[in-house]
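Notes to accompany the following structure.
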Amino acid sequence: MPKEKKNQKKVLNRRAKYDYEIISQIEAGIILSGNEVKSIRFGKVVLDNSYAIIKKGEVWLMNMFVDLKNYKKFDGFDDMRPKKLLLSKREISKISLTLKNNNFTMIPLNLHFNNKGFIKIDLGISKGRKKADKREYKKDQDWKRQKERLLKK
């Protein structure tokens, strides 16, 4: 099993668990250009406002910002271009039924490297939280932190 390199970080979507209630998770591959892979290796990617959609039987990741300013040699590159996700047809049909029937959304939870060195993305099938639900979630998180502090003493 190869060791993880120092510059291969796990990029998290920190707002996802706060803004959404995660129902289930799916791991998918992602199609990237070489410059995008270099930027992701150095952690120059933002997942905060991104989401995934199903278009013509394919899953696309929208609004994922990959910083390409150090690698732009041609003007044709776009930092926010849609990226295709790799899932089987069976998985895509199952996901699309879930999304349509229950009014859920797909959001990226994290971007990581697997054991072979390929970039994978964890998608969460989720439902948006209301403002009151966010307050309750925040209270629960604060209480858990407080319990841990008290137990340490």
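Answer with a single label: of (i) 8.9; (ii) 17.5; (iii) 12.4, which was calculated as mean projected area of the Cα convex hull in nm² from the structure in view?
(iii)
Hey, what number do you get for the chain at 222 nm if only DSSP H runs of n ≥ 4 count, each worth -39500 (n - 2.57), divided across all residues, to the nearest 500?
When only DSSP H runs of four or more count, the value is -9500 deg cm²/dmol.
So which residue, out of 87, 61, 123, gets the largest mean-square fluctuation from a GNM of the chain using Cα contacts under 10 Å as springs?
Judging by the Gaussian network model, the answer is 87.
Would you calculate the separation in nanometres between label points at residue 138 and residue 21, each defined as 7 Å from the Cα along the Cα-to-beta-carbon direction?
Each label point is offset 7 Å from its Cα along the Cβ direction, giving 1.9 nm.
Run the simple label-point estimate for residue 37 and residue 93 please: 7 Å along Cα→C-beta, distance reported in nm.
3.2
Which entries in 55/89; 17/144; 9/84; 17/130; 69/116; 17/139 show an alpha-carbon gap greater than 18 Å? Can you show the working numbers first?
Working: 55/89 13 Å; 17/144 15 Å; 9/84 21 Å; 17/130 13 Å; 69/116 27 Å; 17/139 14 Å.
In this structure, 9/84; 69/116 exceed 18 Å between Cα atoms.
Relative contact order for the chain: what is it in percent, counting Cα pairs under 8 Å that are at least 6 residues apart? Write out the running numbers ahead of the final one.
Numbers: 243 pairs, mean separation 48.9, N = 153.
For the chain, the relative contact order is 32 percent.
Using unit Cβ charges (K, R positive; D, E negative) and no other charged atoms, how large, in debye to the nearest 20, is the dipole of the chain about its Cα centre?
Numbers: 39 positive and 18 negative charges, 118 e Å.
Using Cβ point charges on Lys, Arg, Asp and Glu, the chain gives about 560 debye.
Which one, 19, 78, 67, has the greatest fluctuation when you compute a Gaussian network model over the chain with C-alpha springs under 10 angstrom?
78
Using only Cα atoms, figure out Rg for region 97-153 and give it as a multiple of 2.2 N^0.38 Å.
1.67
Quick note: the coordinates plus some simple rules give every number you see, no bench work behind them. Small disclaimer: the values here were computed from a predicted structure and weren't measured. Glycine gets a Cβ as well: all are built from the backbone with ideal geometry, and neighbour counts include every protein chain shown.
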